[in-house]
Each structure stands twice: as structure tokens, then as C-alpha cells.
Amino acid sequence: MNTKELTKELMEKISSNYYKDMKLPTEDMLMEEYGVTRYRVRKAIQNLVDIGSIYLVQGSGMYIKESHKDSIILSNTQGLVTDFPERKVESKLLNLEIQEADNSLAQEFKCKKSTPIYLLTRLRYLDGEPFSIEYSKYNKEIIPYLNKEIIESSVFNYVREDLGLTIGFADKVISSNKINKEQAHLLGLEENDPGLFINDTVYLANGSIFNISMVLYNYKRATLFDVANLK
């Protein structure tokens, strides 16, 4: 069992209220139950911490948080599919093109001028309802191939599983603004309605920027969740 499979197994048990005392078994118990190494258990546990499913209490154990399954986990860099594991996430590709990086794009990606950059727009649905519009850019030298099939499933899963790349962290800027006529039409809203915007700059574990996105969320459906460290 790999880390992804172990994480998924634990998430499913958490979602089904399998752990009645709201506490996970110890590392040793999980190692014995699933026949995996301590390293793999700790990686899976960290994944659950990162998406806000559990929290650790020093000297006491691993505790399950109250459900935030209807929220966007701000600290999660794994993508919308991971944010909503129990919901139906779908994507519709609206535009895909390749553009050579000008001075502005080269500065954003910290890459050479004329580096090929994928530009794409997709409309994302949650349980069949329009949830967000994503305007994304990918460095083609790092992500060499994208097509409609990949974009309409999960780009981040493709990056991790097919390309074998490790996603590190993301810088996020949250803002609000009025939406335009086209955005309103796609989201089933009215022109000049409020919009929740999250701008992401996403890095691989080696520090390379591979993705820059601006995501507009439907204000009627999106809520945000994060954990504040008060240490």
C-alpha cells in the first residue's frame, strides 16, 4: 500500500465515522494494521493534517477534527478533488493555448523569456452546480503535455501520478471584486455580483514554479477553512 492509498483509506474511515472516539490509532497500530513502514504512516498522517482532517496533540495522539467537508481548505495544495473527496467534481475546458513567455510571464514564473507557457480556462462544477472559474498558466518545460482529457479530470493528480512530480507549497492571495457579464453567465449569477478570488503561485518541492492560477469562486457556494497556529 502506497502513501496515497493509505491516505485515502484513512480519509474514508474518517468520513464514515469509523473512529467513534474521534481519535486515530497510534502509529504502531496503523503500521501493523496496514503492513506499512513508519515513514509511510507519517506521510499519510501529514497529508491528513494538511487538508485539515486531523490534528496532533503532543503526548496524546491524533484527533479527528469536526467535518469541514463543504469548505475549501486553504492550506491544501492538492487541488479541488482533494478538497471535496466525497463530492462530484467535474471540469469543462473553455480555452487552451500555448504562448511564449514575455517579460511579464518570465518574471512571474522566474523562467527564461520565450519559455512556452500553457494558458487555460476551465469551469468547475461541484455536484453538478457551477462552482468556480479557473484561469491557469503552466510552465510547459515542467508540465510538457496537457490535453482536454487531463484538464477535465485533475491536473494536479496528473502532475503527481503520471509525471511523478512532488508538489511543494503555494503562495495564496485572497481578494474580492465584482464579476463581469461573462463570469456571471458561467456561474449562474448576475453581472456585478461579488466574486471571491484566490490567486495561487504553486511550487514543486524543488522550488520551481510550475503553476500560476486565478480562481473565481461562486460566492453563493464557496466557504474557506484554515487552521491558525497559535504557538
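We did not get these values from a lab; they are worked out from the coordinates using the rules stated. The model shown is predicted, which means the values in this text are computed figures rather than measured ones. No Cβ is skipped: glycine too gets one built from the backbone with ideal geometry, and neighbour counts run over all protein chains shown.
Principal-axis analysis of the Cα atoms of the chain puts helix 38-50 at an angle of about 50° to the longest axis. Over all other residues within a Cβ to Cβ distance under 14 Å of Gln46, the charged ones net out to +3, with Lys and Arg as +1 and Asp and Glu as -1.
Once you've got the Cα coordinates, tell me which of Lys4/Lys148; Lys4/Lys65; Lys43/Lys220 are over 28 Å apart. Beyond 28 Å between Cα atoms: Lys43/Lys220. Each of Gln183, Cys111, Ser153 was scored by the projection of its Cα onto the charge dipole of the chain, and the greatest displacement toward the positive side belongs to Cys111; charges sit on the C-beta of Lys, Arg, Asp and Glu.
The mean sequence distance of close C-alpha pairs (under 8 Å, at least 6 residues apart), as a share of the length of the chain, puts its relative contact order at 16 percent. Spin-label model, Thr26 to Lys13: label points 7 Å out along the Cα-to-beta-carbon direction sit 1.5 nm apart. Dividing the summed -39500 (n - 2.57) terms of all DSSP H runs of n ≥ 4 by the residue count of the chain sets its mean residue ellipticity at 222 nm at -6500 deg cm²/dmol.
When only alpha carbons are used to place a centre, the range 120-140 and the range 143-165 end up 14 Å from one another.
Cβ-Cβ distance of Tyr34 and Gln99, R₀ of 30 Å, FRET efficiency by 1/(1 + (r/R0)^6): the value works out to about 0.05. Phi angles across the range 118-130 convert, under the Karplus curve 6.51 cos²θ - 1.76 cosθ + 1.60 with θ = phi - 60°, into 3J(HN,Hα) values of 6, 10, 9, 10, 9, 9, 10, 10, 10, 6, x, 10, x Hz, Gly and Pro given as x. When Asp200, Asp127 are sorted by how many other C-beta atoms sit within 10 angstrom of their C-beta, beginning with the fewest, the order is Asp127, Asp200.
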